[in-house]
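The structure appears right after this line, and notes come after that.
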Amino acid sequence: MAMVFKNAFVSLDTTQITAYVKSVTVNLSADAPEVTAMGDDSRAYKGGGLESWSADITFMGDFVALDAILNGAFNTTSALSVRPTTEAIGATNPSYGGVVILTEYPPVTGNVGDAMEINATFLGTGDCARATA
């Protein structure tokens, strides 16, 4: 069943920052080392390579509280948690997260007349945990 994505939950360390979030993407990736041998006619790859993850979050600009939170998290480790809705964690509302480093944070950006948005990138350090309970 398809869902309308409109109420995601996002927290950084112990602070829920959902109210500032416009969009969020959790990216999971894994290396697939090439194992092509002489005589093969096609490239071959092996699963089980190193995994990595990140989160791209677009925030609505705010200098009352959000800037202090993100500036404090810049270039240091924090705990990030993201789930599809603000409802409790469960099988239909899993939580994804772990330890991250805020690697990209442009605190002032935008065009005249536009709502200010901040596109921040959080790089996972270690595993991305998926929780359903």
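Details
- Residue pairs whose Cβ atoms lie under 7 Å apart, separated by 6 or more positions or on different chains, with the first residue in the stretch 116-131 and free of Cβ contacts under 8 Å to residues at least 60 places away in the same chain and the second outside any strand (DSSP E or B) and aliphatic (A, V, I, L, M), are Ala131/Ile89.
- Restricted to the stretch 1-59, and to residues there that are among the aromatic types (Phe, Trp, Tyr) and assigned to a strand (DSSP E or B), the residue that is farthest from Leu123 (Cα to Cα) is Tyr45.
- Complete set of residues in the stretch 78-124 that are over 16 Å from Ser23 (Cβ atoms), within 12 Å of the chain's Cα centre (by Cα) and either in a loop (DSSP other than H, G, I, E, B) or not small (Gly, Ala, Ser) (or both): Val99, Val100, Ile101, Leu102, Thr103, Leu123
- Qualifying residue in the stretch 52-65 (condition: polar (S, T, N, Q) and more than 17 Å from Val10 (Cα to Cα)): yes
- Cross-chain or 6+ apart pairs with Cβ under 6 Å, the stretch 42-65 first and modelled with pLDDT of 95 or more, then surrounded by 16 or more Cβ atoms within 10 Å (Cβ to Cβ) and assigned to a loop (DSSP other than H, G, I, E, B): Trp53/Cys128
- Here Ile69 meets the list (1) among the β-branched types (Val, Ile, Thr); (2) free of Cβ contacts under 8 Å to residues at least 40 places away in the same chain; (3) outside any strand (DSSP E or B) almost entirely, failing just condition (2).
The values are calculated or read from the model by the stated rules, or taken from the named source; none is laboratory data. If you're wondering where the values come from, they're calculated on a predicted model, not measured in any experiment. All Cβ positions, glycine included, derive from the backbone under ideal geometry; neighbour counts span all protein chains shown.
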